[in-house]
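Report on the structure given below.
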Protein chains: 2
Amino acid sequence: MANIHEVAKRAGVSLGTVSNVLNHPELVAEATRQRVLHVIGEVGFVRNGSARQLRIGATQTIGLIVLDVANPFFTEVAHGAEAAASERGYLVILCNTGNSPDKEAHYLDALAEQRVAGMLIVPTVAYTPDSLRRETPVVLLDRLSKEANCCSVSVDDVAGGEMAGQHLLAAGHQRIAYLHGPFTNAQYIDRLEGLRRAVAQTGRDPNAVIVPLAASADNAQAGGASVAAFCQIPDRPTAIFCGNDYLAVGVMHALAQCGMSVPRDVALIGYDDIDLAAMFSVPLSTIRQPKYELGYAATELLLDEITGKDAHTHRQIVFRPELIVRESSRTPV
Amino acid sequence: MANIHEVAKRAGVSLGTVSNVLNHPELVAEATRQRVLHVIGEVGFVRNGSARQLRIGATQTIGLIVLDVANPFFTEVAHGAEAAASERGYLVILCNTGNSPDKEAHYLDALAEQRVAGMLIVPTVAYTPDSLRRETPVVLLDRLSKEANCCSVSVDDVAGGEMAGQHLLAAGHQRIAYLHGPFTNAQYIDRLEGLRRAVAQTGRDPNAVIVPLAASADNAQAGGASVAAFCQIPDRPTAIFCGNDYLAVGVMHALAQCGMSVPRDVALIGYDDIDLAAMFSVPLSTIRQPKYELGYAATELLLDEITGKDAHTHRQIVFRPELIVRESSRTPV
DNA sequence: CTGCCGATGTGAAACGTTTCATTCGCTGGG
DNA sequence: CCCAGCGAATGAAACGTTTCACATCGGCAG
């Protein structure tokens, strides 16, 4: 493949001129510019990114580390991140940890070696910001940076849990089951905390009102499987708050199979607002998270830090979730 | 950040030795190796990928160009691709074209400049394999390479359409609506072709049996919107074959709102088998595509081509879809 | 004692850019 | 007629690796 020397030779100009045509066209006379451009097209010259990056000392690439690419939540996040990066001419390296700290560590190393301009990280349990001694700018995604030693973009999960709780309590439910995925995801803990607050606000004892129910994983199958446990709770709750929509979908399906009707027998509310949530026969109430915006905002923050090194101060963006009431939790008439 | 010179100096060895510790440890004496390794840890040396790639003349990175990251189908493909790449130590650059040929062209250029080792491409309409004059190995994803001038991994959409058609015809449906997204996606054309074949096999005239119905986009909303048109078809079909599950979900929802029951009034079958398809109140029949496998196989093919340049012959892997019959298309009892 | 070998280590060259201090060639003002 | 000044082009140096031809050294066979 042709390099810049070849182009220079064929166009009868020097190295520097070709480089200027590429990077500072205003410095080179129109005629020369055209000639060089023509030769470039002719020999199919494509600038070598590695050489450029080596010389420049920086890349136009950011890393995105997520827990599960197949999960619609992260998918939307990735979508937003890719869009924001693309608008500014950056490429995104996609890294999927599947919640494994080992893979996370591996990717952290690989990205550092690639000299990515920055990283967007949805951290696993193991991730400690001490990894931040690395000089690469990092934005924490979907996780609040408590130490504020880096930017972060997250959604207020406590507020979301509280909204869901207030909604159900207002409808008159006396006991509420909280179905959550593994507590290694801080999100599930925060949402429960919000729920507890909502209960406390009514002057009741959260421990008496809330029945926690753990699913083995955070997918629809596990959600469905936990309905059996739900049915056996003495003094069965009349409402279920599911820690995410996937769980809720499984629950709804399993409830129907048990002959229980939503919302007549059990009210149901999910979390996330995946785009199919509205499409169920009994449309699912849920707490909406701004997924795309999460990824988009995080990337903008990251790129600001990357480009404006000087005057950058770390910011914590916390989105407010939104209560979406649909059929599944409407008080039966 | 420390470089290899710094490490060499501190460890009291030469450049080459440090490099050997990194790349050919067997060539350096144990004691020296340990000393160098120790210094590396001490100064936090991280090898500069750009310099390495420049010297080597190759990267450990592949590009993945898809039409829509937010679509669960591509998401699964990306998941498979990332997994296969990661297993072999490659990183994946995620590129989302949103079906825009311009963005596609842009990414093709950007990836070429990055000197990716290879590309996985789900092409837009505009993509012509002439772009393949580029020397980078390419594997076509979800699209058969007719000219066979590169590898490809796809699913037999004609067969899938045929399966869906045979299934509906066997249930006794005399007229079938085919709801498809934009025909710029070759998939929709192939699936229709399969459906026509299935009809022809029964000795009937495809044009008399099949009523094509175009949705404005391939998402649930557009699917729902087209139900109005469906209802106005004279001599209304008793079955709908949706070109993908998203459309089907919208259709199912809209039908319910019109007071029509699935499958009693209308039988419904989708395409893709997104993982929520089984979870609807009326579980959706569909044609399953091996999505993860698609991405995984494509990446393996690509990496084989990348690493085994010599003895590589282009292969066309065509997966066979699978008919999944659930409630939505069962003959009412 | 000599010569040779293998194991180990060395450092210059090369990869393809970008940058920047210089040089070149003109023009117009004095 | 000279020279300051300007637009345009030049090309050497530097970025941080890997490679490879070569040097060094101790030991061992002859």
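The values are calculated or read from the model by the stated rules, or taken from the named source; none is laboratory data. In this text the structure is predicted, and so the values were computed from the model without any measurement. Methodologically, a virtual Cβ is constructed for each residue, glycine included, from the backbone with ideal geometry; neighbour enumeration extends over all protein chains shown.
Restricting attention to region A:139-159, report how many residues are out of contact with any Lys or Arg (no Cβ under 6 Å at 6 or more places or on another chain), crowded, with 24+ Cβ neighbours inside 10 Å and within 17 Å of A:Leu323 (Cα to Cα).
1
Output the qualifying pairs, or none if there are none: Cβ atoms under 6 angstrom, residues six or more apart or on different chains, first residue in region A:262-282 and more than 13 Å from chain B (Cβ to nearest Cβ), second residue of a type in the set (D, E, K, R) and surrounded by fewer than 24 Cβ atoms within 10 Å (Cβ to Cβ).
A:Pro263/A:Arg330; A:Asp273/A:Arg288
Show me the helices (runs of 4 or more DSSP H) entirely contained within region B:127-219 in which 3 or more residues are of a type in the set (A, V, I, L, M, F, W, C). Steps first, please.
On the way: elements: B:157-170, B:186-201, B:206-209.
Correct list: B:157-170, B:186-201.
Is it true that some residue in region B:6-15 is within 15 Å of A:Glu113 (Cβ to Cβ), part of a helix (DSSP H, G or I) and more than 10 Å from DNA strand C (Cβ to nearest atom)? First the steps, then the outcome.
Start the filter on region B:6-15 by keeping residues that are within 15 Å of A:Glu113 (Cβ to Cβ), which leaves B:7.
Still in the list and also part of a helix (DSSP H, G or I): B:7.
Add one more test, that the residue is more than 10 Å from DNA strand C (Cβ to nearest atom), and what stays is B:7.
Yes: one or more hits.
Evaluate the following for B:Ser50: is it away from DNA strand C (no atom under 16 Å from the Cβ), buried (at least 16 other Cβ atoms within 10 Å of the Cβ), more than 15 Å from the chain's Cα centre (by Cα) and modelled with pLDDT of 95 or more? It would help to see each step written out before you state the result.
Working: away from DNA strand C (no atom under 16 Å from the Cβ): no; buried (at least 16 other Cβ atoms within 10 Å of the Cβ): yes; more than 15 Å from the chain's Cα centre (by Cα): yes; modelled with pLDDT of 95 or more: yes.
Here the answer is no, as B:Ser50 does not meet what is asked.
Can you name every residue in region A:18-31 that is within 13 Å of DNA strand C (Cβ to nearest atom) and assigned to a helix (DSSP H, G or I)? Break it down stepwise before answering.
We begin by selecting, within region A:18-31, every residue within 13 Å of DNA strand C (Cβ to nearest atom); these are A:18-29.
The answer is A:Val18, A:Ser19, A:Asn20, A:Val21, A:Leu22, A:Asn23, A:Pro25, A:Glu26, A:Leu27.
Would you please list the contacts, defined by Cβ atoms under 9 Å and residues six or more apart or on different chains, that run from a residue in region B:93-118 that is part of a helix (DSSP H, G or I) to a residue that is buried (at least 18 other Cβ atoms within 10 Å of the Cβ) and among the aromatic types (Phe, Trp, Tyr)?
B:Pro101/B:Tyr127; B:Glu104/B:Tyr127; B:Ala105/B:Tyr127; B:Leu108/B:Tyr127
For region A:73-87, name all the residues that are within 20 Å of B:Ala84 (Cβ to Cβ) and more than 7 Å from chain B (Cβ to nearest Cβ).
Within region A:73-87, A:Phe74 is the sole residue that qualifies.
Regarding region B:25-45, can at least one residue be identified that is on the phi < 0 side of the Ramachandran plot, within 9 Å of DNA strand D (Cβ to nearest atom) and crowded, with 17+ Cβ neighbours inside 10 Å?
Yes, that holds for at least one residue.
Assess whether B:Ala164 counts as being within 22 Å of the chain's Cα centre (by Cα), modelled with pLDDT of 95 or more and buried (at least 24 other Cβ atoms within 10 Å of the Cβ). Talk me through it step by step, then tell me what you get.
On the way: within 22 Å of the chain's Cα centre (by Cα): yes; modelled with pLDDT of 95 or more: yes; buried (at least 24 other Cβ atoms within 10 Å of the Cβ): yes.
Criteria met by B:Ala164.
Mind listing just one residue for me: the one in region B:1-51 that is without any contact (Cβ under 8 Å) to a residue 12 or more places away in the chain and within 14 Å of chain A (Cβ to nearest Cβ) and, of those, nearest to A:Leu108 (Cα to Cα)?
Out of the qualifying residues, it is B:Gly49.
Starting from region A:52-72, keep only residues that are over 16 Å from B:Glu113 (Cβ atoms) and at the interface with chain B (Cβ under 9 Å from one of its Cβ atoms), then list their pairs with residues that are within 16 Å of DNA strand C (Cβ to nearest atom) and in a helix (DSSP H, G or I) whose Cβ atoms are within a distance under 9 Å, requiring at least 6 positions of separation or different chains.
A:Gly57/B:Ser50
B:Ile324 passes all but one of (1) surrounded by fewer than 19 Cβ atoms within 10 Å (Cβ to Cβ); (2) more than 17 Å from the chain's Cα centre (by Cα); (3) not basic (Lys, Arg); which number fails?
(1)
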